[in-house]
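Please treat every number below as a calculation from the coordinates, not as lab data. Since the structure is predicted, the reported quantities are computational estimates derived from the model, not experimental observations. No Cβ is skipped: glycine too gets one built from the backbone with ideal geometry, and neighbour counts run over all protein chains shown.
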Amino acid sequence: MPGIKIGIIGGSGMDDPDLMKNKKEKKVTTPYGSPSSALTTGKIGGVEVAILARHGKKHSIYPTGVNFRANIYALKKEGCTHILATTAVGSLREKIRPGDLVFVDQFIDFTKHRNLTFHDKKVVHTPMAEPFCGDLRKLLAAAARELKLRHHNGGTVITIEGPRFSTKAESHMFRMWGADVINMSTVPEVILAREAGICYQSIAMSTDYDCWKEGEEPVTWEMILSIMHKNSENVKKLLVKTIATIKNTDCNCS
């Protein structure tokens, strides 16, 4: 697949030497400072990939402290044409159960303190009606069906600042706004990828019901880690199967 290089953000365990061939670690510098981690480069199923740990290799960077501009710039500089970004999300809908995967197609930005653009020296108005890559979403849904993974093709993610979780009032408000899942990382990552001309799609893993659902324990970090650990092999299989199907396409992302 000439010209294809896949950036994986998150992707814990994808640098397994049994999975990734010609594995190398590469430090990258950018005009925006250092990215969250060195890039792990190599091939998965014969396809060039570059893996970046959004919160650092030891999950030491809190959500607002992530240097999103450096991360996306580093992947662009590495030649990535597509990004598959894994993210834990809280479910704001009964039908999205803990353990489900959601391939979101819209976002709501509820962040307050982040650098949202590369275009802070000149005014560039980037279209954002369809922020995620529809082609990647179709491939992920097809792979999830083949693997018999419970998933939802489409949905709206709301990104909050964090690192605290929502109050009940906020959780109910977000539901009223039309959000289906909630996280602390998709914005501005998806915006910057669009500005950089990279096809971007989130793989959102539902870990909890936030705190809106009566009878359910409010979300905790331990709860998130437990569900992510249980589902990590499924996400790994999904990424491997999807990466093998990605081709150069004339989508609306660039």
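In table form, for the structure just shown:
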{"quantity": "Size of charge dipole - the stretch 5-243 - debye, nearest 20, with Cβ of Lys, Arg +1 and Asp, Glu -1, no other charges", "calculated": "740 debye"}
{"quantity": "Ranked list, fewest to most other Cβ atoms within 10 Å of each Cβ, for Met184, Met128", "calculated": "Met128, Met184"}
{"quantity": "Sorted by Cβ density within 10 Å, fewest first, the residues Tyr200, Tyr32, Tyr73", "calculated": "Tyr32, Tyr73, Tyr200"}
{"quantity": "Under 18 Å from the Cα of Lys168 - lysines, other chains or at least 8 residues apart", "calculated": "Lys213"}
{"quantity": "Sites His172 and Ile61 - FRET efficiency at Förster radius 22 Å, r taken between beta-carbons, to 0.05", "calculated": "0.15"}
{"quantity": "Members of Lys26/Lys148; Lys23/Lys237; Lys21/Lys237; Lys43/Lys122 lying beyond 28 Å, as alpha-carbon distances in this model show", "calculated": "Lys26/Lys148; Lys43/Lys122"}
{"quantity": "Label zone at Lys237 (point 7 Å along Cα-to-Cβ), backbone N below 16 Å, the stretch 124-141", "calculated": "140-141"}
{"quantity": "Share antiparallel - DSSP beta bridges, the stretch 5-243, percent rounded to 5", "calculated": "35 percent"}
{"quantity": "Gyration tensor verdict on the stretch 20-77 (Cα atoms; rounded if a/c is under 1.5, prolate if a/b is larger than b/c, oblate otherwise)", "calculated": "prolate"}
{"quantity": "Debye log10 I(q)/I(0) at q = 0.10 Å⁻¹ for the stretch 5-243, Cα point scatterers", "calculated": "-0.43"}
{"quantity": "Cα shape, the stretch 129-254, gyration tensor, a/c 1.5 rule", "calculated": "oblate"}
{"quantity": "Distance (nanometres) between label positions extended 7 Å along Cα→Cβ at Lys121 and Ala244", "calculated": "4.4 nm"}
{"quantity": "Overall form of the stretch 104-150 per C-alpha gyration tensor (a/c, 1.5; a/b vs b/c)", "calculated": "prolate"}
{"quantity": "Cα lying deepest toward the dipole's positive end in the stretch 5-243, options Ile44, Thr111, His55, charges on Cβ", "calculated": "Ile44"}
